[in-house]
Amino acid sequence: MAMPAPQAATRVVAGGQLVFGKPEKAKGGRLLVRSCDNGGGRNGRRVTVEAVNGAVKLNGAAVAADVRQVPAPSSMDDGGDAFRLGKFVEGRLVYRQQFVIRSYEIGPDRTATMETLMNLLQETALNHVMCSGLAGDGFGATRQMSLRKLIWVVTRINIQVNKYSRWGDVVEIDTWVASSGKNGMRRDWIIRDRNTKNMIARATSNWVMMNRETRRLSKIPEEVRQEVLPFYLDRSIITADANGGGRKIEKLTDSTAEHIRSGLAPRWSDMDVNQHVNNVKYIGWILESVPLDVLEDYHLTSITLDYRRECRQSQLLESLTSMTTTTSPATDEPPAVPASSRCCSDLNSTHLIRQQDDGAEIVRARAEWRCKGRPGATKQP
């Protein structure tokens, strides 16, 4: 089979621009490139390169056996892997990873969104499993789970935010796991600012196993339990009753919801490899029914999501929201929020994502909001 002719290439050498010319044929069918010159460069130094089938000479001296083995300069040489893979700390019980907040991960107020934080938590959890050596061929599943066609599904997650990072900030996330009852697992996270080491967010979640073919919940097989047991760390970052994280979330109805948004359609890109909607996607649908002035004037400081059932791409959804001010100690009743008095006090909200055709519950949620202009509001860097 004939080989395609190499194209001219350009590379910066010694401050100037080195231009490889058109190849010439040498004996034996080899390709030869001669007399590549940088023209002197800004520093006046002339560099000549000769290459024969990848063997490179710089000013007549051999510099590499094969041009393909010459590493390209990289600004990530010092510690770059830390932003991609992470490491174990505390005797391999805690997994730690760092992330840069990208421009496409911030919202209108130029800070990372709640969805961004949730995605980073999920990424850290999956990398924890991969780097532990337990990963099978599933999405965060261990080898024994893969053999038994089991997957992890989240039943509840609570995240509390003290400060939202900005574009370009680097965050450091710690995660670990522990048992939760007889057939569940708890996963916790801490998010810190890498520079200050201050905790800026924390989260906890509960997970159970499901058969990926029958879609039925499963007990944890003993073989799987023995796989994950060495990684269990009995440490809670959020107690079950902190900020109502363990309380039952009341169901909204057409009569109790103040705002309803219908016609929400899951996209193909919302699906994960377990063939259901990724758990982070529900945050966006919840916010679809939150009043715009709340989104503009308040920080979402805490949210608890209670996942009730799977959601597939073919299902149309509805988002329901009810907003109240923080419960008054005197009356112990959360009054409704008049539009004229918003941002005078902190808010609580209750949410429901349901199927539009039959009203079947998908996710219940409860959230807390703090006015951006009030003292003690979620701080920004």
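Bear in mind that the values in this text are calculations on the coordinates, not laboratory data. What you are looking at is a predicted structure, and each value in this text was computed from that prediction instead of being measured. Positions of Cβ are backbone-derived with ideal geometry, glycine not excepted, and every protein chain shown enters the neighbour counts.
Annotations for the structure displayed:
- The ellipsoid equivalent to the alpha-carbon distribution of the range 248-373 has semi-axes of 28, 15, 13 angstrom, derived from the gyration tensor eigenvalues as √(5λ) and listed largest first.
- Highest average packing first - 263-269, 249-255, Cβ atoms within 10 Å: 249-255, 263-269
- Going from the fewest other Cβ atoms within 10 Å to the most, the residues 351, 299, 259, 128 appear in the order 259, 299, 128, 351.
- Legend: distances between Cα atoms for 87/372; 163/248; 163/219; pairs beyond 28 Å are 87/372; 163/219.
- Modelled FRET efficiency - R0 30 Å, residue 223 with residue 256, Cβ distances, 0.05 increments: 0.05
- The range 78-247 - Kirkwood radius from inverse mean 1/r over Cα pairs (Å): 16.8 Å
- Put simply, when 181-194, 162-175 are sorted by average Cβ atoms within 10 angstrom per residue, most first, you get 162-175, 181-194.
- Projecting label points 7 angstrom from Cα along Cα→Cβ for residue 183 and residue 345 puts them 4.3 nm apart.
- Per-residue Cβ neighbour rank within 10 angstrom, fewest leading, 354, 225: 225, 354
- Cβ-Cβ FRET estimate between residue 292 and residue 313, R0 fixed at 30 Å, reported to 0.05: 0.60
- The range 183-329 pair-distance distribution - Cα-Cα, 10 Å bins, rounded %: 8, 28, 37, 22, 6, 0
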